[in-house]
1. Which of the residues that make up the range A:125-155 are out of contact with any strand residue (DSSP E or B) (no Cβ under 8 Å at 6 or more places or on another chain) and under 13 Å from residue A:170 (Cα atoms)?
2. Is it the case that residue B:45 is surrounded by 14 or more Cβ atoms within 10 Å (Cβ to Cβ) and free of Cβ contacts under 8 Å to residues at least 40 places away in the same chain?
3. Out of (1) surrounded by fewer than 18 Cβ atoms within 10 Å (Cβ to Cβ); (2) within 14 Å of another protein chain (Cβ to nearest Cβ), what's the single condition that is false for residue A:306?
4. Of everything in the range B:129-179, what is in contact (Cβ under 8 Å) with a residue 60 or more places away in the chain and at positive phi? Give them in sequence order.
5. Of everything in the range A:71-90 that's touching a residue at least 60 places away in the same chain (Cβ under 8 Å) and closer than 13 Å to residue B:492 by Cβ, which residue is farthest from the other protein chains (Cβ to nearest Cβ)?
6. Please find, within the range B:128-144, the residue that is nearest to the other protein chains (Cβ to nearest Cβ) out of those that are surrounded by 19 or more Cβ atoms within 10 Å (Cβ to Cβ) and out of contact with any strand residue (DSSP E or B) (no Cβ under 7 Å at 6 or more places or on another chain).
7. Would you check if there is a residue in the range A:256-268 being touching a strand residue (DSSP E or B) at 6+ places or on another chain (Cβ under 9 Å), crowded, with 22+ Cβ neighbours inside 10 Å and within 30 Å of residue B:300 (Cα to Cα)?
8. Which of (1) more than 18 Å from residue B:214 (Cβ to Cβ); (2) away from chain A (no Cβ under 14 Å); (3) touching a residue at least 60 places away in the same chain (Cβ under 8 Å) does residue B:336 not meet, given it meets every other one?
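The values are calculated or read from the model by the stated rules, or taken from the named source; none is laboratory data. Note that this is a predicted model, so its numbers are computed, not measured. Cβ sites come from the backbone with ideal geometry, for glycine too, and all protein chains shown count toward neighbours.
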């Protein structure tokens, strides 16, 4: 039997439909390769998440062991959402996260742009600017604590010695200034990360476009706004999201420098959860608090993955 | 030498009154090894070096010296504010234990005061605790009430109840049963710099009352521009309640009635007029007079030590070991700093803790206890009982009970006061007689499982709320009282 060319073509081009199970069976070797990692993930991530969610519905007074916990349903969540202290800590967390993220990003952006041009000593300056990011957060916290010390700190000593002030300023022993002081330390530590991410992004901006824009009479700001900035959109989004997640979860600086004080003025969610769970042994309410934090961070994570997927699609073949 | 006001001690010292009550009620038995009713620096000197003890022989009766076993042990180790001498004794202890019991495989872990409770609680949540733990005095009742600890008393490890301070035995007793053995007990004293007092125009003696402390602190700050009193108000740091509670009790306040002769712990007193007066004194020093370090809200005692040594702080509450710490720090100083440090050391004085306006003197009856856990809470699910008892016996023996408390504390085992090392200690540790004199004024923290949270969080929060102006003194005291009430009713801790 002969067929026309068109019919033969359509026979050849019709896709072979396979079920999901058939597809999975075809990729069975791939699943076997990732199975050990998945098992480890289930044990160290999935089970603790399940346990924490379960624990969040129980009350654990200090006089009882964990195994004698008392079922209270959603009471822990109600207590958290109706607590004045938690709302105060929430405001602290939002200020901490927003200020640290935005300012660290802007400083990192500026540093990346400044170091993108070639000049003598660029490598050395870049290495110096990375130092805050690579040194231990614990060491940095203790050093900054002494720099800020209300009686004998370095900043206070210099200002008094120069006659600018007659006594050292109070950075971390005052409710009004403790959080901004800690934010400065956090920004100091974080901006090199933004600088590195954006420096990598700047490498992808086509040089010929910038030259063409220059030839067309665009000034420096116009070249940045119309050429560089759009190209850095994807990496900027990813950087901001990563910074936001890291800052929301940032424990070391506030805990070591001030322990959340004075008077809860420097508590953020993560330090407050630690104090409630491990300091006061309210495992149930700490778990509920953690679940809420988890939901917020998962939301940020979702946008991060979307941004990453969007960036990959743009770089597609 | 200081003479005790015995009448005052009997009225206010829960330790001595409890001991006397128990002696009157008890049937005729052998007299306790140390006569607490005679307690004075002279008495302590008179019994020092009068008996010898062979630790290996005594503990060999509890666990044979060739016993083969395994032991895991956590303890509060030397802290940043402790002298080098104490660090050496800790090393010597474990060398001696391993030499005495060469066939016990000992795995020990030292933790700081502030980290020990956190880590221990976390480990218990996963049934991964050690077999034996030496906890600060604040912690024992919490874990006894939770059923984590085995019943354990001095008689289980070769000693008797009479060998230990009555107040210390209270701290290991829960619902009539004992769950540990005291290792050491201490009371602190008031330390001051005579040179600073002279330059500030103050008399050559410590302030008699807490109101005097406030006045002296102001005068020192106004005249010399340095901090007067070393206030500490950090949250979740043991130093804070140990230094504030003597003030609170001195003014007649308290969390409950823990400072009374027969406390019932059923009435909250944090918002009483007396407690508010005590808090007001701290407020006056920090806010009104600005005569204490601004960094008090984040300071611990270790932060006060360099200030005191450099002549920037005139008064503080601490252990006799602080004198040794000053000597250690002075060795590391150079040039002008070394000269300043030497001046401070030469002028360092110890006195009794000041009284409240009514003459009430009190201090925290501090120390540590050693406990054995139940198997189900131990990693591996097994407790090597003979090995555990060997460790308990060894640490609470007269010799090691004294040596491990050498510079900063006192032996939990009263027989330790009779050892030759006590005699040496009295000769070498300056001011030990003063802190030892404070023992009868010692008030144990309330023996409740909620006490760690009260002392480490609620009390410091109250201080910080008042001192930062977040609340008035009245509001801060009322807020703290409400928190304690909520805690007693099973509150959520927010």
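1. Taking the range A:125-155 first, the residues out of contact with any strand residue (DSSP E or B) (no Cβ under 8 Å at 6 or more places or on another chain) are A:125-150, A:152-155.
Once the filter is applied, which keeps residues that are out of contact with any strand residue (DSSP E or B) (no Cβ under 8 Å at 6 or more places or on another chain) and under 13 Å from residue A:170 (Cα atoms), the range A:125-155 yields A:145, A:146, A:147, A:148, A:149, A:150, A:152, A:153, A:154, A:155.
2. Values: surrounded by 14 or more Cβ atoms within 10 Å (Cβ to Cβ): yes; free of Cβ contacts under 8 Å to residues at least 40 places away in the same chain: no.
Answer is no for this residue.
3. Every condition holds for residue A:306 apart from (2).
4. Result: B:147, B:158.
5. So the first thing to find is which residues in the range A:71-90 are touching a residue at least 60 places away in the same chain (Cβ under 8 Å), and the list is A:72, A:76-77, A:79-80, A:85-86, A:88-90.
Restricting the remaining residues to those that are closer than 13 Å to residue B:492 by Cβ gives A:72, A:76-77, A:79-80, A:85-86.
Numbers: A:72: 9, A:76: 7, A:77: 11, A:79: 5, A:80: 7, A:85: 6, A:86: 6 Å.
Of everything passing the filter in the range A:71-90, A:77 is farthest from the other protein chains (Cβ to nearest Cβ).
6. Kept after step one, since they are surrounded by 19 or more Cβ atoms within 10 Å (Cβ to Cβ), are these residues of the range B:128-144: B:129-144.
Filter once more, keeping what is out of contact with any strand residue (DSSP E or B) (no Cβ under 7 Å at 6 or more places or on another chain): B:138-139, B:142.
On the way: B:138: 12, B:139: 11, B:142: 7 Å.
Ranking the candidates gives B:142 first.
7. Of all residues in the range A:256-268, those touching a strand residue (DSSP E or B) at 6+ places or on another chain (Cβ under 9 Å) come to none.
No, there is no match, as no residue in the range A:256-268 is touching a strand residue (DSSP E or B) at 6+ places or on another chain (Cβ under 9 Å), crowded, with 22+ Cβ neighbours inside 10 Å and within 30 Å of residue B:300 (Cα to Cα).
8. (3)
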